[in-house]
1. May I ask for the net charge around Leu7, where only other residues with Cβ less than 11 Å from the Cβ of Leu7 are counted and Lys, Arg are +1 while Asp, Glu are -1?
2. Quick query: amide H of Gly118 versus all other amide H atoms, modeled in the peptide plane; which residues come in under 5 Å with a sequence gap of 5 or more or a different chain?
3. Around Phe61, with a cut-off of 11 angstrom between Cβ atoms, what is the net charge of the other residues, counting Lys and Arg +1 and Asp and Glu -1?
4. How much net charge surrounds Gln108 when only other residues with a Cβ under 9 Å from its Cβ are counted (Lys, Arg +1; Asp, Glu -1)?
5. In terms of modelled amide H atoms, which long-range or inter-chain residues lie less than 5 Å from the amide H of Leu103?
6. Checking the cross-link filter: which aspartates and glutamates have an alpha carbon closer than 17 Å to that of Lys16, excluding same-chain neighbours under 8 positions apart?
7. Only Cα pairs under 8 Å and at least 6 apart count here; give the relative contact order of the range 111-156 as a rounded whole percent.
8. Report the extension gain between Arg43 and Ser127 in nm, rounded to one decimal, defined as 0.36 nm multiplied by the number of residues separating them, less their alpha carbon distance.
Amino acid sequence: MHPFTGLATREDGAIKVCCRSHPIGHIQDSSLEEIWNNDTIKRIRRQVLNNERPPECDPCFSLEDQGVETIRMRHIKGTIPEARINLYPNALDNLNDQRQRKLTSVLQLDGPEDYEGGTLELLPCGSIREIEKKKGYMVTFPSFVLHRVTPVESGIRRTLVAWFTGPDWR
């Protein structure tokens, strides 16, 4: 769930917490890594963990106040099978000293015959790269590379994900 798993970009270079949020930065002013680790995103994460409403997230909260079930609510309820996220209350206790995710590794535990959809896509240099869906296949990439998993259309997709952390990129 955003703001713990990724950022969204707009065609004009604005960086957002998710597809609906107000912008929190601009790619012409800061790198994605700087935005991912800046005080604004740390405040937003802290507020989300404390069940507070960050002002950047007003567009979703406004819809929820009108009775609309947003993607955020579906993430929390776990009704989006390909996007279940477990947030542990103390996972980000020390946001000021948070170690940055440097590398992400994804190990495919199921083969392509076990599910449809669920393709891991990376956007390393402006073009989408689909990762092979082969049982036992592992890919490792810099965590700041934009990536996503397409919706699982049928079957079950299981993976093992590991993050390797370290100090901020230099």
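FYI, it's all coordinate maths here, none of it is from the lab. None of the values given here were measured: they were computed from a predicted structure. Note: ideal-geometry Cβ built from the backbone for every residue, glycine included; neighbour counts use all protein chains shown.
1. Residues close to Leu7 contribute a combined charge of +1.
2. Here Thr150, Val152, Glu153 satisfy the definition.
3. -2
4. +3
5. Distant-sequence amide H within range of Leu103: Ser143, Phe164.
6. Within the straight-line limit of under 17 Å, Lys16 reaches these aspartates and glutamates: Asp29, Glu33, Glu34, Asp39, Glu56, Asp58.
7. Relative contact order of the range 111-156: 55 percent.
8. Full-extension gain reported as 27.1 nm.
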